[in-house]
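Each reported figure results from applying straightforward, stated rules to the coordinates on display, with no laboratory input. Note that the structure is a prediction, hence the values are computed from the model and not measured. Don't worry about glycine lacking a Cβ; one is built from the backbone with ideal geometry, like all the others, and counts go over all protein chains shown.
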Amino acid sequence: MNRTIAFIVDLVQDVNVLRPLLGLSRTLPDAEVRVLASTKFYERDGTGLWRRELEEICGGLDLPVATFASEFEAVRALQGRRGVLVSASESTVPGHATAHNLFRAAPPGFVKVTLQHGFECVGFLHNAAHDAAHGRRIGFAADVVCGWFEPAFLRSLAPSERSKLYVAGPPLLLEPGPRPVRDAAPEAPEHRLEGLVCENLHSVRLGGADLKALFLDAFEKFADEATRIGGTVWLRPHPGGRYTDRSGVRLPANIRKSDAPIYKEDLGRFQFAISAPSSVLFDLVLAGVPVALWQDPEGQIDCSNYPGLPIVSGPDDWFEFAGQAILNPEPLRATQEQFYKQLGIHDDVRNRYAQLLNSFN
Amino acid sequence: MRICVVTQSEAFASSAGMRIRYDRLAAGAAALGAEISAVPIGSLRSKSDLAHDVYLFAKTYSAHAFVLAHRMRELGKRTGIDIFDDYFTQRSDTRLRQYRTWLRTMGGLIDFALCSTPRLEGVLNRLLPAVPVAVIADPSQAYDPRRVAFFAGRKSAEAQETRHLRVLWFGIGDNPYFPVGIRDLVAFGGELSRLNRRGWSAELTVLTNLRALTPDGLNLLRRLPIPYAIEEWTPEREVAALERHHVCFLPVNGQDFSRMKSLNRAVTALVAGCQVLAVGYPLYEPLADLLYGAPEALLADLAENKPALRAETMPVLTERLSALADPYQGANTFASFLHHLSTASDTAQPSIGTPTNGHLSRNILRTLVKTGFYSNIGIINGAFSDSNAHKSAQTFGGLSVKSHFCRERFNFDVRFDFFEDTGETNILIAEQAVEFLTDDLRGSLVPFGRILDRTFYRLLATRTPVSFRRNLLRDPTRMKEIAAATELMPSLIATCRHLFPHVTFYVSERSALLAQDQEAAA
């Protein structure tokens with residue numbers, strides 16, 4: 001019997017995390033690759049964007065997508081097989097219940113792997129707001145907990161789960177071609193203004209109306225003025241949260257929306273980016289875009305997981321940072337390089353994931 | 001004779017347990033000129049629905065059954081209950097209080113009880129000493145010894161040749177109160193690993209209901225020591241699986257609930273030509289010659305192609321089935337039991353809806369003449385009551401009473417409410433129910449106003465026999481209700497009986513914690 005590498009898709013953001021691994025697993029010998037999407041995934045995907053993405057990715061790899069409505073339906077699809085079962089959203093947190101229950105129920109021939117699915121990630125590396133919302137003892141039903149960084153940097157991994165840790169790296173680094181941090185550095189300053197603002201207002205990090213209002217207020221003032229002087233401001237809602245789409249917030253008229261999956265977005269065209277603490281900052285750092293973290297003026301939002309990266313609050317800060325990023329981005333990129341280096345990310349990410357997926361026969 | 005089995009729902013009527021028991025019994029009954037059919041309890045709503053001669057309540061643990069049984073009795077029907085699970089003897093288990101109360105209440109309303117095993121007969125004799133009980137074993141399906149011998153022989157030869165066993169576990173995988181089903185399977189899973197020895201290998205199929213296949217259930221199954229596959233149970237899959245598998249695995253634990261079970265799974269397996277490995281509590285002792293208790297013995301016999309179930313042992317199987325599970329025998333026992341009952345009690349004439357006590361006022365007689373029927377049923381609705389019991393009681397001309405705990409918005413006949421400001425009890429009588437009161441009480445009513453579709457009168461507190469303690473349930477929470485129920489419900493029942501002395505009251509309460517562990521009926 002060949003071994004099976006099965007992927008669970010439940011949250012819409014799973015598609016982004018799993019995409020590079022789907023490609024990798026297709027290149028591994030003697031492996032049958034299966035994709036199991038929950039019915040909840042389709043329900044959550046209000047616009048149909050992520051269904052189309054999943055179909056496109058799996059279509060390109062010649063992988064059929066099976067749907068399951070209950071743990072038993074998924075078990076039925078897996079029983080009689082053995083191999084590895086992978087989830088990008090599994091933990092004891094209620095929002096991860098689908099994959100967690102399926103991991104608990106999975107046929108015994110499968111080794112279950114939970115992936116770290118973001119830079120700050122529940123169970124791996126918490127923001128202070130994660131601690132407040134979910135506590136510090138996050139468990140996994142997985143046999144292997146696959147992280148991005150060395151254990152020292154995964155400060156929120158519960159002691160009971162530490163023995164399960166396997167450090168592979170961010171799946172993003174599996175994408176073809178090198179993505180050095182400073183690749184996109186332009187030769188000379190450009191006389192244009194094009195920036196990206198990312199919102200994750202649904203996140204527990206921005207719980208409470210005050211923080212949301214403060215962020216939106218700063219964004220609106222910045223965007224108004226920046227567009228008036230001929231600049232372009234893009235707003236990118238978190239793909240799973242989509243707060244500004246769903247809550248009916250009135251946005252400035254001249255802004256542009258960045259809704260495409262991040263792997264389809266040409267991040268290199270942005271001269272700078274601003275976001276509250278979020279994994280998108282890590283993608284932007286990798287793409288060489290100067291980034292700043294948004295923090296409320298009173299400093300309630302925890303930015304301590306991003307040491308060295310600049311912090312902005314009110315619209316004046318935003319302009320100051322944007323100016324620096326456009327006129328003199330080099331020091332900002334150097335800081336980001338330092339930030340990246342101290343995370344201890346391995347050079348052989350591809351090899352490490354291949355080893356993990358190949359290990360269980 | 002037309003016999004009607006009253007079931008809890010349409011779905012239950014097509015469940016495995018129902019089919020095994022009544023479909024097979026019906027085949028036997030037809031030969032005796034009797035007819036057995038099944039209806040869901042919710043479909044019995046009016047007098048015209050009650051056209052059968054005999055009614056048998058099967059797993060209908062609700063107050064609706066009280067109303068129907070009461071009404072059937074008034075109409076001169078024979079009524080009974082059929083018990084095939086023991087939810088009644090676990091006296092220390094509060095969750096099962098409602099079942100104990102149900103059995104005791106039904107015990108006062110029925111003419112007979114059936115059950116599936118002698119052990120259950122013992123339980124019923126103990127709990128309902130006045131009710132005649134008959135044991136009707138779960139009948140086997142149509143049985144042809146040549147066919148069984150053929151399948152058993154073919155499977156045995158295949159197993160001997162391949163030294164690989166396909167093992168089947170089938171049945172309901174869960175129970176809300178007891179660890180049974182897949183819990184038994186996993187608890188006795190170690191026995192299965194003993195089939196993986198001496199050059200033999202084994203694989204297991206688990207055929208069970210979806211409800212049991214929760215993450216917890218599936219997680220438990222991961223502990224099984226041999227390869228397994230899970231399938232959802234359907235009647236067709238059961239037939240196909242029994243045909244395909246060599247061995248059925250029947251683990252039984254020793255708790256009372258499991259020890260009361262019938263032999264039907266072993267009978268079903270044997271009749272399909274499967275060898276049976278029965279471990280744990282010796283429930284299947286009466287079939288012991290045809291089963292295995294140890295995996296090693298099964299493997300040794302299969303290695304010689306001489307298993308317990310084979311052509312030469314068919315006479316034993318035939319003899320056991322005719323003694324233990326003959327559908328004709330079962331139907332015959334049932335019919336003669338009913339016949340015996342009716343000759344024994346012919347002197348007791350049914351009341352046909354006429355109250356037999358002397359409290360009937362001329363107003364009730366007027367109701368009787370006006371509507372054509374009258375019933376002396378009363379339902380007291382508790383915190384979690386049964387809307388069908390409420391509807392039926394009113395349809396049959398009886399009363400539906402709202403207790404303090406009831407939050408339903410029904411059109412009640414009588415309401416016990418709290419005055420929010422004083423915490424005192426307010427007793428309200430709907431105009432439809434006024435005629436049920438005795439003349440002197442009727443004179444003490446004062447107009448109250450409308451609630452939902454009905455006009456109510458208030459009964460002056462001085463006219464009630466018991467006083468309700470004030471403030472007990474002001475701003476009630478469920479915890480306060482549980483604390484208050486023990487004192488409040490008896491007072492409420494006593495008041496109802498005083499106001500309507502000719503009515504028999506039953507309590508409709510689905511909450512295990514609020515169900516009163518005492519005789520509610522008069």
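Quick look at the values:
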{"read-out": "Mean separation of Cα contacts under 8 Å, 6 or more apart, over the residue count of region A:204-357: relative contact order %", "value": "20"}
{"read-out": "Extension gain from residue B:19 to residue B:285, taking 0.36 nm per residue of separation minus the Cα-Cα distance", "value": "93.3 nm"}
{"read-out": "Distance in nm between pseudo-label sites at residue A:338 and residue B:240 (7 Å out along the Cβ direction from Cα)", "value": "6.8"}
{"read-out": "Residue B:211-residue A:165 FRET efficiency (beta carbon distance; Förster radius 35 Å; 0.05 resolution)", "value": "0.40"}
{"read-out": "Acute angle (nearest 10 degrees) that the helix A:315-327 long axis makes with the longest principal axis of chain A, alpha-carbon atoms", "value": "80"}
{"read-out": "5 angstrom amide H check on residue B:506, placed H, neighbours 5+ away", "value": "B:378, B:379, B:380"}
{"read-out": "Lys/Arg +1, Asp/Glu -1 at C-beta; region A:288-361 dipole; positive extreme among A:344, A:288, A:318", "value": "A:344"}
{"read-out": "Chain lengthening between residue B:304 and residue B:419 when straightened (0.36 nm per residue, less Cα-Cα)", "value": "33.2 nm"}
{"read-out": "Max mean-square fluctuation residue, GNM over chain A, Cα-Cα springs under 10 Å, options A:257, A:112, A:164", "value": "A:257"}
{"read-out": "Rough spin-label spacing in nm, given labels placed 7 Å along Cα→Cβ, for residue B:37 and residue A:311", "value": "7.9"}
{"read-out": "Residue-averaged 222 nm ellipticity for chain B, from DSSP H runs of 4+ at -39500 (n - 2.57), nearest 500", "value": "-10500 deg cm²/dmol"}
{"read-out": "Among beta bridges that DSSP assigns inside chain B, antiparallel share in %, nearest 5", "value": "20"}
{"read-out": "Efficiency of FRET between residue A:319 and residue B:482 - r from beta-carbon atoms, R0 51 angstrom, step 0.05", "value": "0.20"}
{"read-out": "Charge sum, other residues only, whose C-beta stays under 9 Å from residue B:432's C-beta, Lys/Arg counted +1 and Asp/Glu -1", "value": "-2"}
{"read-out": "Rounded Å value of the spacing that divides the Cα centres of region B:1-64 and region B:266-307", "value": "34"}
{"read-out": "FRET efficiency, 1/(1 + (r/R0)^6) with R0 60 Å, evaluated for residue B:513 and residue A:228 via beta carbons", "value": "0.35"}
{"read-out": "Sequence-distant residues sharing a close amide H with residue A:193 (under 5 Å, placed H)", "value": "A:232"}
{"read-out": "DSSP bridge pairs, the protein assembly as shown: antiparallel proportion in percent, nearest 5", "value": "15"}
{"read-out": "Charged-residue dipole, Cβ positions (Lys, Arg, Asp, Glu), the protein assembly as shown about Cα centre, Debye nearest 20", "value": "2240"}
{"read-out": "Residue B:336 paired with residue B:93, simple spin-label distance in nm, labels 7 Å along Cα-to-beta-carbon", "value": "3.5"}
{"read-out": "Between region A:56-116 and region A:282-361, the alpha-carbon center distance in angstrom", "value": "31"}
{"read-out": "Residue-count net charge about residue A:277 - beta-carbon cut-off 9 Å; Lys, Arg +1, Asp, Glu -1", "value": "-1"}
{"read-out": "Neighbour net charge for residue A:80 - beta-carbon separation under 15 angstrom, K R +1, D E -1", "value": "+3"}
{"read-out": "Among the listed pairs A:264/A:341; B:47/B:391; A:221/A:257; B:402/B:480; A:112/A:164, those beyond 21 Å (Cα-Cα)", "value": "A:264/A:341"}
{"read-out": "19 Å reach of a label modelled at residue B:442, 7 Å along Cα-to-Cβ, counting backbone N of region B:392-412", "value": "B:397-400"}
{"read-out": "3J(HN,Hα) from dihedral phi, region B:279-296, Karplus parametrisation 6.51/-1.76/1.60, rounded to Hz, x for glycine, proline", "value": "10, x, 4, x, 4, 9, 3, x, 10, 3, 4, 9, 10, 10, x, 10, x, 4"}
{"read-out": "Shape call, region B:118-167: gyration tensor on alpha carbons, a/c limit 1.5", "value": "prolate"}
{"read-out": "Of A:14, A:266, A:302, the one that fluctuates the most in a GNM where chain A has Cα springs shorter than 10 Å", "value": "A:266"}
{"read-out": "3J(HN,Hα) from dihedral phi, region A:142-147, Karplus parametrisation 6.51/-1.76/1.60, rounded to Hz, x for glycine, proline", "value": "5, 8, 10, 10, 9, x"}
{"read-out": "Exposure proxy ranking, count of Cβ atoms within 10 Å, fewest first, for A:320, A:120, A:330", "value": "A:330, A:320, A:120"}
{"read-out": "Residue-wise HN-Hα coupling along region A:350-359, computed from phi with Karplus coefficients 6.51, -1.76, 1.60 (Hz; x: Gly, Pro)", "value": "4, 4, 5, 5, 4, 4, 4, 6, 8, 5"}
{"read-out": "Average Cα contact separation per residue, chain B, under 8 Å, 6 or more apart, as relative contact order %", "value": "16"}
{"read-out": "Choice from A:46, A:123, A:344 with maximal GNM fluctuation in chain A (Cα, 10 Å cutoff)", "value": "A:46"}
{"read-out": "Helix A:330-341 axis, angle to chain A major axis (alpha carbon atoms, nearest 10°)", "value": "20"}
